[in-house]
């Protein structure tokens with residue numbers, strides 16, 4: 001399993017009086033096969049950190065390494081390949097494609113990458129995420145929890161090294177939140193995934209293997 005780390009990561013938005021130093025000399029290492037939560041107040045830099053580490057937002061300075069490879073030294077095409085093949089993404093708003101069914105939503109990353117789907121793996125994924133009876137339905141026919149489980153399955157479809165989750169339970173009620181978190185932890189334990197998740201929910205955060213707290217763009221603890 002590949003290892004992620006940052007070296008002196010900085011992100012600055014704007015210029016002059018409008019300049020915002022969103023990340024300040026961030027040095028972290030994401031442990032493989034672990035659940036890492038990122039917490040901090042609104043505006044602290046949580047999402048910026050996640051997006052920079054995940055290859056979604058280029059830092060102003062510093063490096064992000066996937067094993068020995070500086071991902072921002074790559075051209076856009078190869079960086080996009082890293083995002084498709086090595087990273088999986090789960091968002092608060094699910095981001096499912098409404099006009100295709102659940103099964104096609106799940107295998108979409110595989111199809112985009114022009115790879116042949118591993119039918120046995122996908123079947124196991126669908127069964128473990130309790131989606132077998134839903135695969136021919138469309139996203140608008142599912143509950144919020146079911147839609148998020150589809151998003152989790154989609155994130156796992158390409159067997160990524162790291163799953164990034166940005167407030168994945170933010171739109172869910174407490175019962176569904178528990179179910180989704182149990183599913184994500186199952187992915188870490190049974191599929192040997194590395195999970196990096198932003199959350200405002202301290203009850204969720206404390207269940208992580210590692211907690212990163214960010215305030216004013218700086219990591220203030222690494223537990």
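List of remarks:
- A single member of 184, 172 is modelled with pLDDT under 90 and part of a loop (DSSP other than H, G, I, E, B), and it is 172.
- Considering (1) more than 14 Å from the chain's Cα centre (by Cα); (2) outside any loop (DSSP other than H, G, I, E, B); (3) farther than 21 Å from residue 159 by Cα; (4) touching a residue at least 60 places away in the same chain (Cβ under 8 Å), the lone condition that residue 38 does not fulfil carries the number (1).
- Candidate set from the stretch 192-223 (those that are part of a loop (DSSP other than H, G, I, E, B), touching a strand residue (DSSP E or B) at 6+ places or on another chain (Cβ under 6 Å) and modelled with pLDDT under 90); member that is surrounded by the fewest Cβ atoms within 10 Å (Cβ to Cβ): 223
- Looking across the stretch 162-187 at every residue that is farther than 14 Å from residue 145 by Cα and surrounded by 18 or more Cβ atoms within 10 Å (Cβ to Cβ), the one that is farthest from the chain's Cα centre (by Cα) is identified as 187.
- Restricting attention to the stretch 10-35, the residues being part of a strand (DSSP E or B) and out of contact with any helix residue (DSSP H, G or I) (no Cβ under 6 Å at 6 or more places or on another chain) number 10.
- For residue 130: the one exception among (1) surrounded by fewer than 21 Cβ atoms within 10 Å (Cβ to Cβ); (2) in contact (Cβ under 8 Å) with a residue 24 or more places away in the chain; (3) in a loop (DSSP other than H, G, I, E, B): (2)
The values are calculated or read from the model by the stated rules, or taken from the named source; none is laboratory data. No experiment lies behind these values; they were computed from the predicted model shown. Cβ atoms come from the backbone with ideal geometry, glycine included; neighbour counts cover every protein chain shown.
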